[in-house]
Amino acid sequence: MLAGTDHPHIVRTMELLEDEVNFYVVSQLVGGGELYEHIVKKKKFDEKEAATAIKQILLALNYMHK
C-alpha cells in the first residue's frame, strides 16, 4: 500500500526491503523536521497556522481512506 501512495502531504515510499531479521523502508527525504518539534519549539500556533497543519493532515488521511 505504501509503495502506491502518491500525495503531496504523505512521505513517498521509494522501496521496501527485508532480510532475515529486519524490514527496511526507503523513503523520500523531507526537510524541515517533525510537526511535533515545531509545536514544541514555537510553544503555540496561531489559528491560521493550526488550521493549515490540520487541513494538510486531514487531506492526507482522507486520501489514505479512499
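Remarks
- Residue that is nearest to Asp6 (Cα to Cα), among those in segment 30-66 that are among the polar types (S, T, N, Q) and over 13 Å from the mean Cα position of the chain (by Cα): Asn62
- Output for segment 30-43, where each listed residue is aliphatic (A, V, I, L, M), farther than 21 Å from Pro8 by Cβ and not in a helix (DSSP H, G or I): none
- Within segment 2-29, the residues that satisfy the criterion of being part of a loop (DSSP other than H, G, I, E, B), of a type in the set (A, V, I, L, M) and either on the phi > 0 side of the Ramachandran plot or exposed (fewer than 10 other Cβ atoms within 10 Å of the Cβ) (or both) are Val21, Leu29.
- Condition met for Leu59 (in contact (Cβ under 8 Å) with a residue 40 or more places away in the chain and among the hydrophobic types (A, V, I, L, M, F, W, C)): yes
- Residues being surrounded by 11 or more Cβ atoms within 10 Å (Cβ to Cβ) and either in contact (Cβ under 8 Å) with a residue 40 or more places away in the chain or not acidic (Asp, Glu) (or both) - total across segment 30-51: 6
Since every read-out is calculated from the coordinates, none of them should be taken as a lab result. None of the values given here were measured: they were computed from a predicted structure. Note that each Cβ is placed from the backbone with ideal geometry, even for glycine, and that neighbours are counted across all protein chains shown.
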